[in-house]
Structure formats: C-alpha cells, structure tokens
Amino acid sequence: MSISVIIPALNEAESIGAVVQSMPWSDIAECIVADNGSTDATAEIAREAGARVIVSPRGYGAAMSAGVKAAVGDVLVFLDGDGADPVEEMVRIAGPVLRGEADLVLASRIMGKREPGSMQASQVFAGHLIGWMVRVFYGFRYTDMCAFRAIRRETLEQMRMTEMTFGWNLEMQIKAVKMGLRVKEVPVDYRRRIGGESKVSGNLSASVKAARRILGVFVRIRKQKQVQNL
C-alpha cells in the first residue's frame with residue numbers, strides 16, 4: 001500500500017520548508033500541503049521543498065478534507081506543518097496500519113516526552129478532559145487529540161467526516177470507537193514549534209474558540225445516528 005502525507009497549513013512559512021524536507025521520501029508516494037488561506041510564502045516554500053500544494057477553503061477540517069480528496073495513497077498520514085510533530089516517527093505511526101494490525105494509529109504527546117513549552121497546560125487538560133468524556137460515553141480512553149495519525153483511505157471514507165474546523169480530529173476519534181475500529185496510540189516525543197503562532201493555543205481567544213468548537217463536535221456526534229460497523 002502507498003502512503004500520502006497530508007499537512008494542513010495556514011501561515012507556516014517559518015516551518016513548512018523544514019517539515020516537507022524531512023519527509024521519508026523513499027517510503028511515501030507524496031506529501032500534500034493543503035494551504036487554506038496563507039498570506040505569507042507558505043505555499044511557495046512548501047512547493048520548493050518538494051510538496052504538492054493544493055488550495056483549500058479556510059478551516060482545519062476543510063484543509064484535511066481537501067487533502068484527502070487530492071491524495072493518491074491507500075494509507076493517509078496527517079500531521080501539522082509547524083515542525084512540532086516528529087516526522088522521523090512516521091514508520092511507528094503508519095506501520096501498524098500498513099501491516100493490518102490497526103485501523104487508526106494516533107501519536108500521543110501525553111504518553112511521550114514533551115519539550116518544555118511545546119504544549120500549554122490548557123492543551124494537556126483538554127486532552128485529559130476529552131479522553132475522560134469519550135471513555136464515559138463510548139468506553140474507550142484516548143490520551144490525546146494530536147494531529148499526527150494514520151488511517152486507511154477506505155476506512156476514513158466510511159466515516160463520512162463533516163467537521164470542517166478544529167473538531168476534525170475529535171470527530172475521527174469518536175467515530176473510530178463507534179465503528180468498533182482497532183485503535184492504537186503510540187507515545188511520541190513532542191517539540192516546540194519551529195516558528196509562528198499556534199492557531200489553537202497561541203493566545204487565550206484562540207484557545208477558547210477552539211475549545212468551544214471541539215466541545216460542540218462532541219455534542220453533535222452524540223446526537224448522530226450510530227455509524228455502521230465495518
């Protein structure tokens with residue numbers, strides 16, 4: 001099976017070049033950077049580094065969705081473009097999916113080592129809170145909602161994803177549990193972002209807005225009809 005790496009990017013000019021260049025090119029079919037409205041040189045730098053750049057509507061989930069539609073791989077690997085996700089660990093994330101040992105593999109920053117300043121206390125708390133809520137309502141305990149993850153294309157298509165904002169990751173994780181998928185979390189070390197500002201935790205306003213949207217996702221999915229099992 002082939003691998004497509006999908007990176008949503010909004011004003012990540014300071015980091016995207018290094019992230020794309022660090023790809024394990026011999027092991028992947030392509031690296032797609034979904035630029036969703038950057039006003040800096042993100043697209044140009046990503047393209048020069050070797051990525052296939054596409055333009056997507058604004059919204060984190062919208063960028064992810066556009067990347068999925070453009071991808072050619074059988075297995076999709078998602079990660080952020082800020083340089084914090086350890087690209088060198090991709091084999092540990094994609095491997096279980098490639099070998100048929102898991103349906104969804106997630107990197108866990110909480111289970112791994114975090115460079116000081118790489119995650120705010122509010123992010124760690126949110127991870128624990130969402131993990132507790134999913135366990136209470138669905139019987140599965142997640143430790144994190146890290147963007148770094150791998151899933152087979154056909155599995156993701158069965159999820160019929162609808163969230164076009166920061167709720168994309170949580171929607172995928174909840175639907176995975178509801179579908180009875182084999183989910184695996186892998187501890188990874190997490191670094192400080194190379195540059196720029198986080199769209200989720202860079203300031204209090206962004207954190208509050210993201211938290212509100214993510215909780216809204218949880219409520220909406222709770223009301224949805226049970227996804228058909230694989």
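Can you confirm whether the range 48-56 contains a residue that is open to solvent by less than 60 Å² (accessible area, probe 1.4 Å), among the hydroxyl-bearing types (Ser, Thr, Tyr), within 24 Å of ILE93 (Cβ to Cβ) and part of a helix (DSSP H, G or I)? Full working, then the answer.
Within the range 48-56, the first condition is being open to solvent by less than 60 Å² (accessible area, probe 1.4 Å), and the residues that meet it are 49-51, 53-54, 56.
Still in the list and also among the hydroxyl-bearing types (Ser, Thr, Tyr): 56.
Of the ones still in play, those that are also within 24 Å of ILE93 (Cβ to Cβ) are 56.
Filter once more, so that each one left must be part of a helix (DSSP H, G or I): none.
No - not one qualifying residue is present in the range 48-56.
With SER4, SER26, SER38 as the choices, which residue is part of a strand (DSSP E or B) and among the hydroxyl-bearing types (Ser, Thr, Tyr)? Talk me through it step by step, then tell me what you get.
On the way: SER26 fails: part of a strand (DSSP E or B); SER38 fails: part of a strand (DSSP E or B).
Every option except SER4 fails the conditions.
Answer yes if at least one residue in the range 93-100 is outside any helix (DSSP H, G or I), without any contact (Cβ under 8 Å) to a residue 24 or more places away in the chain and open to solvent by 10 Å² or more (accessible area, probe 1.4 Å), and no otherwise. Let's see the steps before the verdict.
Within the range 93-100, the first condition is being outside any helix (DSSP H, G or I), and the residues that meet it are 99-100.
With the extra rule that they be without any contact (Cβ under 8 Å) to a residue 24 or more places away in the chain, the set shrinks to 99-100.
Add one more test, that the residue is open to solvent by 10 Å² or more (accessible area, probe 1.4 Å), and what stays is 99-100.
Scanning the range 93-100 turns up at least one residue that is outside any helix (DSSP H, G or I), without any contact (Cβ under 8 Å) to a residue 24 or more places away in the chain and open to solvent by 10 Å² or more (accessible area, probe 1.4 Å).
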Within the range 160-185, the residues that are hydrophobic (A, V, I, L, M, F, W, C), more than 20 Å from LYS69 (Cα to Cα) and either open to solvent by 10 Å² or more (accessible area, probe 1.4 Å) or more than 15 Å from the chain's Cα centre (by Cα) (or both) are VAL177, MET179, LEU181, VAL183
Of (1) modelled with pLDDT of 85 or more; (2) within 26 Å of MET90 (Cα to Cα), GLY139 fails just (2)
Residues in the range 113-126 that are in contact with a helix residue (DSSP H, G or I) (Cβ under 8 Å, 6 or more places away or on another chain) and surrounded by fewer than 19 Cβ atoms within 10 Å (Cβ to Cβ) total 2
* To do: Test GLY117 against the criterion of being part of a loop (DSSP other than H, G, I, E, B), out of contact with any Phe, Trp or Tyr (no Cβ under 8 Å at 6 or more places or on another chain) and under 20 Å from ASP74 (Cβ atoms), and give yes or no.
  => no
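So which of ALA9, ALA70, ALA63 is over 15 Å from ILE194 (Cα atoms), touching a strand residue (DSSP E or B) at 6+ places or on another chain (Cβ under 6 Å) and open to solvent by less than 20 Å² (accessible area, probe 1.4 Å)? Spell out how you get there, then give the answer.
Working: ALA9 fails: over 15 Å from ILE194 (Cα atoms); ALA70 fails: open to solvent by less than 20 Å² (accessible area, probe 1.4 Å).
None of the others qualify; the one that does is ALA63.
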Filtering the range 73-91 down to residues that are over 23 Å from SER15 (Cα atoms) and open to solvent by 10 Å² or more (accessible area, probe 1.4 Å) yields ASP74
Matching residues in the range 12-24 (crowded, with 20+ Cβ neighbours inside 10 Å and polar (S, T, N, Q)) number 1
Considering the range 127-146, residues that are touching a residue at least 24 places away in the same chain (Cβ under 8 Å) and surrounded by fewer than 22 Cβ atoms within 10 Å (Cβ to Cβ), and then whichever is nearest to LYS178 (Cα to Cα), we arrive at TYR138
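The values are calculated or read from the model by the stated rules, or taken from the named source; none is laboratory data. On a predicted model such as this, the values are computed, not experimentally measured, just so you know. Because the Cβ atoms are built from the backbone with ideal geometry, glycine has one as well, and the counts that use them run over all protein chains shown. To get the accessible areas, we keep the full protein, side chains included, count just its heavy atoms, and leave off ligands, DNA and RNA. Shrake-Rupley method; radii C 1.70, N 1.55, O 1.52, S 1.80 Å.
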